[in-house]
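Taking it in order: structure first as structure tokens, then the write-up.
The values are calculated or read from the model by the stated rules, or taken from the named source; none is laboratory data. Keep in mind the model is a prediction, meaning the values are calculated, not measured. We place every Cβ from the backbone using ideal geometry, glycine too, and count neighbours over all the protein chains shown.
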Amino acid sequence: MDRLQDLLSHDRRHIWHPFTTDHEKSIPPEIIDSASGAILYGKNGNQYIDMISSWWVTLHGHTHPEIVRAISQQATRLEQVIFAGLTHEGAIALAHNLSGILPEDLNRVFFSDDGSTAVEVALKIAYQYWRNVGSPERRHFLAYHGGYHGDTVGAMSVGARSGFFGHFTDMMFEVTTLPFPFTWDGDSDITERERVSLAALDSWLGEFGHETAALIVEPLIQGAGGMRMCRSQFLRDMAARCRAAGVLLIFDEVMTGFGRTGQPFAALTAHVTPDLICLAKGLTGGFLPMAVTVCRESIYQAFLGTAFERALAHGHSFTANPLACAAALASLRLLMSSQTELALKNIEHCHRIRLLEGLAKHPLVGQPRVTGTVAAFNVLEETNGHSLVTGQRIRDFCMTRGLLLRPLGNVIYLLPPYCITQAQINTAYDLIEAGLNQTYKI
Ligand SMILES: Cc1ncc(COP(=O)(O)O)c(C=O)c1O
């Protein structure tokens, strides 16, 4: 016990946890000692079902033996090597395998370290592409209200309307944001909202299309903005307009990638091929930080030539780290197995039964929605402005009963690893319902 208290006091004294306020700090963080499958084991003996895949990264379950084996074997051979001027087998195999499962000619892979850098790289590629092909006037970016793309300056700029970055407005470049046609089960006005969004795009492209470099979107689900979902047809209509105007389309699949929407990528679920795609989080199965930005070959070709000015001047120390490549290769093998295909279907089925046909009837549940393995709803409140408290109450209720959630304001969502069992999903829904009832004295 003393040892636990010591650890916590050192944590409190020395660690700056992300997205943490003093209020949050007053609840001591749980020290997680180990994990297996969908379960996190606390040092104090408590267990938690990880219903958020540890910030949306854990794909097949914690400490999955095949990924553990792949990393440990790789560690005895080659742990890291400079990736400028040298290459290695793991990176080559990973780029090849990724290209094989991504749509069409998305087959040129640029490695980086996390979702934010994958986005930063996509923005830089899009920007420089137009300079390299002699259209430097195409320098403007389009994005969607509520979209979140990461915390570096470029990623913040295209996510400026996510509500996270008020302090940094002056650091960002200007981006035009379009309305996002968020929809849910039973929504009757979606056609009109989609029309409004597409009309805003038409209007912008009509006037400024020739000055626009790219449009970035989180396809099918805006994650951090509140698990806001849109329809595939909307993405197809939007993509067709971008193509007609010559505007590059960037899919930020940092969250939606690797099966979350039911197919390996939302691009496949929605039948839309973007020009660039950003992947991270689940890439290594959630074991190690790594990201990729993948683009069409024709975009890459514009960066070739004899003058260094044509090259993309971007690279990171750990680019294509061999341990992360080994983890990603093992994770991709698992992702493409028939077992995972079945698991994705089962998770979606459970969400549909428990949320859309069950919890959706609860008086405090609004806008229930499911896309693939992701389910979400809004807690309906009479007063606005207390959304942070709502989420925290439900989270605390569930945490003390062995379920890890991390609500986004008044949005409760479930985004489990694919090894989750039906019983664990049922436990989660039961606890969430009990939490709603207790918090609001129903
Ligand atoms: C859609 C999307 N893009 C980018 C990011 C940033 O990724 P990272 O936190 O790995 O930098 C996130 C993180 O949640 C995300 O959800």
Residues of segment 206-223 being of a type outside the set (S, T, N, Q) and either buried (at least 20 other Cβ atoms within 10 Å of the Cβ) or not assigned by TED's automatic domain parsing to the domain that holds VAL254 (or both), in sequence order, are ALA213, ALA214, LEU215, ILE216, VAL217, GLU218, PRO219, LEU220, ILE221, GLY223
Considering only segment 157-170, how many residues are more than 11 Å from the ligand (Cβ to nearest atom) and of a type in the set (A, V, I, L, M)? 1
Of the listed residues (HIS210, HIS167), the one being at pLDDT below 95 and out of contact with any strand residue (DSSP E or B) (no Cβ under 7 Å at 6 or more places or on another chain) is HIS167
Residues (within 8 Å of the ligand (Cβ to nearest atom), of a type in the set (Gly, Ala, Ser) and in a helix (DSSP H, G or I)) located in segment 108-156: GLY115, SER116, ALA118, ALA155
Just the residues that are hydroxyl-bearing (Ser, Thr, Tyr) and either within 11 Å of the ligand (Cβ to nearest atom) or not in a loop (DSSP other than H, G, I, E, B) (or both), please, taken from segment 272-287. THR284
What is the number of the single condition among (1) among the small types (Gly, Ala, Ser); (2) away from the ligand (no atom under 16 Å from the Cβ); (3) within 20 Å of THR421 (Cβ to Cβ) that SER9 does not meet? (3)
Step by step: first the residues of segment 186-231, then only those that are acidic (Asp, Glu) and part of a helix (DSSP H, G or I), then the one that is farthest from the ligand (Cβ to nearest atom). Which residue is that? GLU207
Qualifying position, being more than 15 Å from the ligand (Cβ to nearest atom), closer than 22 Å to ALA155 by Cβ and either assigned by TED's automatic domain parsing to the domain that holds PHE111 or at pLDDT below 95 (or both), among SER317, SER298, SER331: SER317
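Rundown of residues vs (1) over 22 Å from ASN378 (Cβ atoms); (2) in contact with an Asp or Glu (Cβ under 8 Å, 6 or more places away or on another chain); (3) among the polar types (S, T, N, Q), yes/no style:
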residue	(1), (2), (3)
GLY154	yes, yes, no
GLY166	yes, no, no
PRO179	no, no, no
ASP185	no, no, no
THR191	no, no, yes
SER197	no, no, yes
Whichever residue in segment 391-431 is among the small types (Gly, Ala, Ser) and assigned to a loop (DSSP other than H, G, I, E, B) and, among such residues, is nearest to ARG228 (Cα to Cα): GLY409
Of TYR440, TYR429, TYR413, the only residue that is of a type in the set (Phe, Trp, Tyr), out of contact with any His (no Cβ under 6 Å at 6 or more places or on another chain) and at pLDDT below 95 is TYR440
Quick count over segment 274-313, residues being surrounded by 23 or more Cβ atoms within 10 Å (Cβ to Cβ) and of a type in the set (Gly, Ala, Ser), is 5
If you go through segment 54-67 one residue at a time, how many are assigned to a helix (DSSP H, G or I) and touching a residue at least 60 places away in the same chain (Cβ under 8 Å)? 5
Looking at THR306, THR269 in this structure, which one is away from the ligand (no atom under 16 Å from the Cβ) and on the phi < 0 side of the Ramachandran plot? THR306
Residue satisfying condition, being in a loop (DSSP other than H, G, I, E, B) and either farther than 30 Å from LEU405 by Cα or at pLDDT below 95 (or both), within set LEU94, LEU86: LEU86
Residue that is modelled with the lowest pLDDT, among those in segment 350-404 that are within 21 Å of the chain's Cα centre (by Cα) and of a type in the set (Gly, Ala, Ser): GLY391
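Here is a yes/no grid of residues against (1) over 15 Å from ILE277 (Cα atoms); (2) not charged (D, E, K, R):
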| site | (1), (2) |
| --- | --- |
| PHE180 | yes, yes |
| GLY186 | yes, yes |
| THR191 | yes, yes |
| GLU211 | yes, no |
| VAL217 | no, yes |
| LEU235 | no, yes |
| ALA244 | yes, yes |
| LEU248 | no, yes |
| GLY257 | no, yes |
Among residues of segment 238-263 being of a type outside the set (D, E, K, R), assigned to a loop (DSSP other than H, G, I, E, B) and within 16 Å of the ligand (Cβ to nearest atom), the residue surrounded by the fewest Cβ atoms within 10 Å (Cβ to Cβ) is GLY259
Report whether or not HIS271 is under 18 Å from GLY150 (Cα atoms) and surrounded by fewer than 24 Cβ atoms within 10 Å (Cβ to Cβ). no
Criterion (in the same structural domain as LEU178 (by TED's automatic domain parsing) and closer than 30 Å to GLU207 by Cα) met by exactly one of GLY85, GLY134, GLY90: GLY134
Might you let me know whether segment 367-376 holds any residue that is touching a residue at least 60 places away in the same chain (Cβ under 8 Å), surrounded by fewer than 20 Cβ atoms within 10 Å (Cβ to Cβ) and either within 25 Å of GLY262 (Cα to Cα) or not assigned by TED's automatic domain parsing to the domain that holds CYS230 (or both)? no
Counting just the residues of segment 314-353 that are outside any loop (DSSP other than H, G, I, E, B), without any contact (Cβ under 8 Å) to a residue 40 or more places away in the chain and not acidic (Asp, Glu), which one comes out surrounded by the fewest Cβ atoms within 10 Å (Cβ to Cβ)? SER338
